[in-house]
Amino acid sequence: MKKLFPLLFLTVVVIGCNTPTPQDSSIADNIDSLMNFSYENGLFNGNILVAQNDKIVYRNAFGYADFDKNEQLNPESSFYLASVSKQFTAMAIMILKERGQLSYEDKLSDYFPDFPDYANRITIRHMLTHTSGIPDYFRLGAYEPGVKNDDVYKVLIEQEELDFEPGTQYSYSNGGYVMLSMIAEKASGEPFHEFMKTNVFTPLEMNQSLVYDLSEPAVNNRAVGYNAAGELDDYDIFTTGDGGIYSNLDDLFKWDQGLRDYKLVSMETMNEAFQPYILTSGDTSNYGFGWGINQKKHFVQHSGGLSGYRTYIRRYLDTGNAFILLTNKGNSFAMQEINTALDNILAKQEFELPEIPLAIQISALIESEGIDKAVEETKNRYAQQPDRNEYDEEGINTLGYTYLRGDDIQTALKLFKLNTELRPNSGNAYDSYAEGLLVSGDTTGSIENYKVSVTMNPNNQNGIDVLESLGVDTSNLLPEIELSEEQLNEFVGSYELEADFILQILREGDQLFIHPSGQNKSELFASSESKFYSKIVDAQITFNKDASGKVVSLTLHQGGDYEAPRMSE
């Protein structure tokens, strides 16, 4: 099974990458050191702008706009923004609200009466803050090349019920933002791309920004999208509201400055956009109008990711600091590590260079010493340090598929097998190994590993389908485990996966649920007395007990193994 988060592999390796770097040079020099290191080690291909006190202190381009044509990026290159576009959609709604052409409390049914009755309970405010309960159309299977707003609309109106009652939960919904752009069109009487040009881009002199829709406008100096393995993965849909905007560094800095100077809407309207939504339970969602909100550190932010594009913007509300990162090579972007380093650099503190993914190091060893030596050294490393958490399951998996597509089946098989040996609880690792074995002609070995994968992850429909196509009865592979309420109660509690991200385990009757911070809850299904799986995402959970039999932590198996200690009640 192809992983969701592949990582780039290169032959450039620098050891000791997480050593703290002192602030013994200028801010620009330190940023340049960070970004050159990231580019040279396959962790960044794109453009970056950093501002301090409303002044640009660093602006640069790294890598290629078009790998097939060998065309390099330049600082003016235009990128598809993906979900960073949502803040622009929210601005359109805010402008129309100030002009009296709509209200945040207008109902979805006021504009689109064809929706079921639940649309009478959904407000524009709910859609702005992802609290509407409208399903994400990606999850509904509506995403495909060429999809447009009308296609999303037709899928959404067929939904007989919402994911939850509006205002009660936060759940990120691209469908809700598609509907916002369609509402903006109805309220303004203009196509969305024209409204944005007239009322946002032109007033801010964002001359290289546009909404890409069915009008198919020309995008000058465009960066082409690729995946982390360097294969073409370009933008190929026409929806607006949830995404759809192309822009570049300079225009996005004009956007940042325009918001600070209240050039588009009033201070009062702008400040309301940066307030987190309060759910009916009293909890906060930490999302405003098109922006994620960090109240503790006083910044707003948003990331974007679709096809080969990964984008990010962060704006500090009280300092004039900001940084913008635009990339076009899939998940070969150490976003979190680079953002943390940039924060520290601007604060004139020590910063750490990103850790080089293991897949990159293995790739270098394969090139220099062969696959057998690469596998041997990797095994030795983890025999000595078995508790390391940075094991790069996803990157190694992607590396294996790259060799598989290149017809080097034996190298691919050895990489897939390595993943199963070092991540024996990963159903996905066994699925990939099974696929490789099937390609190699080893049907018996493939069936054996597909069975292991499906047993670990009963939600692996791909594995089930392949096994059934090979004539295997899968009914005995799908466990039907029933646990008593007393047994389920042992797992109920809060588990801290990372700071400010809690996994709450709940019981309702004879059913266990998981409720991650800021997301809607979903059911968990038992595959044994201590292991559960989700039917919504490719994820499994193992509850861990101490010597006395008390549950002390859980391990989330989702692209790796991540332990979350149980919090004190």
I'd like the Karplus ³J(HN,Hα) series for the range 526-541: coefficients 6.51, -1.76, 1.60, θ = phi - 60°, whole numbers in Hz, and an x wherever there's a Gly or Pro. 6, 10, 7, 6, 9, 10, 9, 9, 9, 9, 9, 10, 7, 8, 10, 10
Output ordering of 357-368, 141-152 (per-residue mean of other Cβ within 10 Å, highest first) is 357-368, 141-152
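What pairs in Lys86/Lys148; Lys348/Lys379; Lys186/Lys521 have C-alpha atoms more than 28 Å from each other?
On the way: Lys86/Lys148 16 Å; Lys348/Lys379 39 Å; Lys186/Lys521 34 Å.
Over 28 Å apart, Cα to Cα: Lys348/Lys379; Lys186/Lys521.
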Ranking Pro166, Asn221, Gly100 by how far each Cα lies towards the positive end of the charge dipole of the range 78-222 (+1 on Lys and Arg Cβ, -1 on Asp and Glu Cβ), the top one is Asn221
Extension gain (nm, one decimal) between Asn70 and Asp261, 0.36 nm per residue minus Cα-Cα: 64.8 nm
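At 222 nm, what value in deg cm²/dmol follows for the chain if DSSP H runs of at least 4 each add -39500 (n - 2.57) and the sum is divided by all its residues, to the nearest 500? Present the calculation step by step, with values, prior to reporting the outcome.
Details: 18 runs with 191 residues, N = 569.
After summing the helix terms and dividing by residue count, I get -10000 deg cm²/dmol.
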Can you give the extra length, in nm with one decimal, that the chain gains between Met567 and Gln295 once fully stretched, where that is 0.36 nm per residue apart less the Cα-Cα distance? 95.6 nm
Here the FRET efficiency for Ser484 versus Arg381, based on Cβ atoms and R0 = 45 Å and rounded to 0.05, is 0.55
For Glu231, project a label point 7 Å along Cα to C-beta. Then give me every residue of the range 450-494 with its amide nitrogen under 20 Å of that point. 461-463, 466
Just one of (i) 204, 57, 40; (ii) 66, 57, 46; (iii) 113, 70, 57 is Cα extents along the principal axes in Å calculated from these coordinates, so which is it? (ii)
Rounded to whole Hz, the Karplus (6.51, -1.76, 1.60) HN-Hα couplings of the range 68-76, x for glycine and proline: 5, 9, 6, 9, 7, 5, 9, x, 8
Candidate lysines - alpha carbon under 20 Å from Lys451, same-chain residues fewer than 8 apart omitted: Lys2, Lys3, Lys414, Lys417, Lys531, Lys535
With 0.36 nm assigned to each residue of separation and the Cα-Cα distance removed, Asp372 to Glu448 gains 25.0 nm
Along the range 325-335, Karplus-curve 3J(HN,Hα) (6.51, -1.76, 1.60; θ = phi - 60°) to the nearest Hz, with x for Gly and Pro, reads 10, 10, 9, 9, 10, x, 7, 7, 9, 7, 4
Can you give me the Cα centroid spacing of the range 30-48 and the range 74-146 in angstrom? 34 Å
Separation of alpha-carbon centers, the range 271-293 and the range 360-437, rounded to whole Å: 42 Å
Distance (nanometres) between label positions extended 7 Å along Cα→Cβ at Asp117 and Asn53: 6.1 nm
note: the range 327-417, Cα-Cα separations exceeding 16 Å make up a percent value of 62 percent
What size of dipole, in debye to the nearest 20, comes out for the chain about its Cα centre when the only charges are +1 on Lys and Arg C-beta atoms and -1 on Asp and Glu C-beta atoms? 1100 debye
Pull up all non-local amide H partners of Asp242: gap of 5 or more, or a different chain, and H-to-H distance under 5 Å with H placed in the peptide plane. Val178
Residues with amide H under 5 Å from that of Arg310, placed H, sequence gap 5 or more: Thr327, Asn328, Lys329, Gly330
Looking only at aspartates and glutamates whose Cα falls under 14 Å of Lys297's and that sit 8 or more positions away or on another chain, we get Asp318, Asp343, Asp500
Inter-label distance for Leu497 and Ser548, nm, one decimal - labels placed 7 Å from Cα along Cα-to-Cβ: 2.8 nm
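Only the coordinates and a few stated rules stand behind these numbers; no lab work does. All of these numbers come straight from a predicted model, not from anything done at the bench. Using ideal geometry, Cβ is built from the backbone for each residue, glycine included, and neighbour counts are taken over all protein chains shown.
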